[in-house]
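Enquirer: Next up is a structure, given as structure tokens.
The values are calculated or read from the model by the stated rules, or taken from the named source; none is laboratory data. Everything quoted here is computed from the prediction, not taken from an experiment. No Cβ is skipped: glycine too gets one built from the backbone with ideal geometry, and neighbour counts run over all protein chains shown. Ligands, DNA and RNA are stripped out before the accessible areas are found, and what is left, the full protein with its side chains, is counted by its heavy atoms. Shrake-Rupley method; radii C 1.70, N 1.55, O 1.52, S 1.80 Å.
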Amino acid sequence: MRVISFASLISFSLQIYAVARIERVNVVFAVAGILLYLASFSIFWRAVAATRRNRLTLAFSEDQPQHLQTAGPYRFVRHPFYLAYLLFWTAGLFAAAGEWFLFATLAAMFALYLRAARLEEAKFAASELTENYSQYRAKTGMFLPNINSFNFSGDSSVVEEKR
């Protein structure tokens, strides 16, 4: 968790630096950046609302999962918080009109979130929730929605509790 926090601080500082040194705004990139920031914030706050009652543990923790979250953005992706963060870093890249060094920060943050997500998924695979998680995993994407399995009926918001 300390590595993610430190990497986030460095990445955010580099985004601020890149945006501050823009001499001429590229409107297309700026609008794309703003839209990505809005998407990031929307997904983040929807994930917060979905996990308000059944809190998640921190990235890289060694505890066993107690419940399977399937409400809100979890209906579409298994890791909406990481998706929101990745959209945020991508937004900075667009807002700063493609500063080369921001590609490196995006790649580094992606690698960290991918590692954390894989560790979380391994914990589910080794838990009492393995069967439920396997079914859930088949229906949802890791960071991007699995468009072949969209369910818009709204009946998938049940949180499976560990027995």
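Enquirer: Any idea of residue 25's accessible area? Nearest 10 Å², probe 1.4 Å.
Expert: Result for residue 25: roughly 100 Å² accessible.
Enquirer: Helix by helix through the chain, keep the DSSP H runs that span 20 Å or more along the axis on Cα and average at least -0.5 on Kyte-Doolittle, and give those back in order.
Expert: 2-20, 27-50, 80-95, 100-125
Enquirer: A further question on this structure: Let me check I've understood the local charge: for residue 11, count other residues with C-beta under 15 angstrom from its C-beta, Lys and Arg +1, Asp and Glu -1. What total comes out?
Expert: Details: positive: 2; negative: 99.
Value of the local net charge: 0.
Enquirer: Also, quick follow-up: In the chain, with Lys and Arg counted as +1 and Asp and Glu as -1 at Cβ, which of these residues, 103, 130, 48, has the Cα nearest the positive end of the dipole, that is, farthest along it?
Expert: Farthest towards the positive end: 48.
Enquirer: Longest span of the chain, sites excluded, free of GluC sites (Glu not before Pro) in DSSP loop with at most 16 other C-beta atoms within 10 Å?
Expert: Counting at most 16 other Cβ atoms within 10 Å as exposed, the longest clean stretch of the chain is 63-127.
Enquirer: On to the next question. Pop a pseudo-label 7 angstrom from the Cα along the beta-carbon direction at both residue 48 and residue 103 and give the gap in nm to one decimal.
Expert: 3.3 nm
Enquirer: Okay, moving on. Once the Cα atoms of the chain are picked out, what are the Rg and Dmax in Å?
Expert: 17.2, 59
Enquirer: Calculate, for the chain, the solvent-accessible area per residue in square angstrom, rolling a 1.4 angstrom probe over the heavy atoms of the protein chains.
Expert: Ligands and nucleic acids excluded, the result is 62 Å² per residue.
Enquirer: Within region 1-57, report the trypsin sites (Lys or Arg not before Pro) that DSSP leaves as loop and that have at most 15 other Cβ atoms within 10 Å.
Expert: For trypsin sites (Lys or Arg not before Pro) across region 1-57 that sit outside H, G, I, E and B with at most 15 neighbouring Cβ atoms in 10 Å, the list reads 21, 24, 52, 53, 55.
Enquirer: Determine the relative contact order of the chain: mean sequence separation of Cα pairs under 8 Å and six or more apart, normalised by residue count, in whole percent.
Expert: 34 percent
Enquirer: Related question: Compare 10, 43 by solvent-accessible area with a 1.4 Å probe and give them largest first, with all protein chains kept in place.
Expert: From most exposed to least exposed: 10, 43.
Enquirer: Calculate, for residue 121 and residue 22, the FRET efficiency according to 1/(1 + (r/R0)^6) with r their C-beta to C-beta distance and R0 45 Å; round to the nearest 0.05.
Expert: That gives a FRET efficiency of 0.70.
Enquirer: Give me the percent of the accessible area of the chain that comes from carbon and sulfur atoms, probe 1.4 Å, all protein chains in place.
Expert: About 63 percent, which is the carbon plus sulfur part of the accessible surface.
Enquirer: Under a 1.4 angstrom probe, counting protein chains only, how are 89, 100, 45 ranked by accessible area, largest first?
Expert: Ranked from most to least accessible, the order is 100, 45, 89.
Enquirer: Based on the mean of other Cβ atoms within 10 Å per residue, sort peptides 135-148, 63-76 so the most packed one is first.
Expert: Ranking the peptides 135-148, 63-76 by packing returns 63-76, 135-148.
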